[in-house]
1. If each of residue 218 and residue 76 carries a label point 7 Å out from its Cα toward its Cβ, how far apart are those two points in nm?
2. If each DSSP helix of 4+ residues adds -39,500 (n - 2.57) and the sum is divided by the residues in the chain, what number results at 222 nm, nearest 500 deg cm²/dmol?
3. Where the Cα atoms of the chain are projected onto their three principal axes, how long is each span, largest first, in whole Å?
4. Going by alpha carbons, how many degrees (0 to 90, nearest 10) lie between the helix axis of 284-295 and the longest principal axis of the chain?
5. If I take R0 = 35 Å and measure r between the Cβ atoms of residue 87 and residue 251 in this structure, what FRET efficiency does the formula 1/(1 + (r/R0)^6) give, to the nearest 0.05?
6. Determine the gain in length on full extension of the stretch residue 174-residue 154; use 0.36 nm per residue of separation and subtract their C-alpha separation, reporting nm with one decimal.
7. Per 0.36 nm of contour for each residue apart, how much would the distance between residue 135 and residue 241 grow if the chain were fully extended, relative to their Cα-Cα spacing?
8. Over region 64-303, what is the relative contact order in percent, taking alpha-carbon pairs closer than 8 angstrom and at least six residues apart?
Ligand SMILES: [Zn+2]
């Protein structure tokens, strides 16, 4: 319901609630009315659309962001052009393991020289996902199609932007990132002028990777390529040539690696979204933009995520212990407690898992400022409780219009 000062509903839980055994008993109520202070003045403009609101914010406190992937190994009818069966499975799992490891070990940027750009944790990872009706393949598919198995990046038969292979073989494209591993065409391989290096392209919720099988390289050597293409799917642009919307990714001459000669002695990049030998550095801005896209309920990036925020698992509780402002939109997978003496100001959307609640302890303060509290999966959560102990009470302040839904009150 839309909140305003006319909403008056009070539920008292007559029995005292004892959250921790060593604390004195206090009562809690699911309340609005006289306990709520409604004011009209916003403190500043909305921060929900600012990527900087999404850069950090205690990743371990949020629902995990897990991207669903499947793999398609495209092959000729003869079966000679790509990995098949068990080798394809092993390759996919090893590649994904290496890509996840790169995400977990974000590296310091090489550019600009002498920078002090922070190295921040990255809040997502990948999981191979099966689909209903294809359970036996466990998210890794091998296709034999002489018309569509190959990737040609230039020339008369160029097909790197062609989506017909995606339309024919894509599975779960509305919610799973489909990775197509495609060999170069034999005619390309036979041409001395064709560039057989590894390449990729992102097309909606699908990615084509080429130059994989025929390179003979280990799966882990393609982790940068995979992370780069997924970076595009998640909303990032190349950094070397123009404005990518990030101040911490300078333009540069796009060197493949560091060399002893200028400009690549000092101007080589190791950023994910360049073409280079490492592709292992995500900047704070890039991380913020990805997280922001994943929080956008209408984005492709969010549709690819496992909805880890729907239901409360176990007794998980996030406790706010000091003055805290949430400027971005977040999905919790825990209950929320605003502790005594703490203030939490929520300025955007927060999804509460089914079965969870928000408890404001005595002398704690929850401020909703043009906020949305809901369950992003359309399930019911338990609402906001204001606790009291003697004369001390939890406080709830509403600023502007706040939307509270998927709960009883
Ligand atoms: Zn690219």
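1. 2.9 nm
2. Working: 6 runs with 58 residues, N = 409.
Mean residue ellipticity, 222 nm, calculated: -4000 deg cm²/dmol.
3. Principal-axis extents of the chain (Cα, largest first): 84, 53, 38 Å.
4. 70 degrees
5. Numbers: r = 41 Å, r/R0 = 1.16.
Between residue 87 and residue 251 the formula returns 0.30.
6. Details: separation 20, 0.36 × 20 = 7.20 nm, distance 2.92 nm.
Extending this stretch completely gives an extra 4.3 nm.
7. Values: separation 106, 0.36 × 106 = 38.16 nm, distance 4.33 nm.
Contour length minus Cα-Cα distance gives 33.8 nm.
8. Working: 458 pairs, mean separation 55.6, N = 240.
Here the relative contact order equals 23 percent.
Every number here is computed from the coordinates shown, using simple stated rules; none is lab data. Just so you know, these numbers come straight off a predicted model, no measurement behind them. Cβ coordinates were reconstructed from backbone atoms using ideal geometry, including for glycine residues, and neighbour counts include every protein chain displayed.
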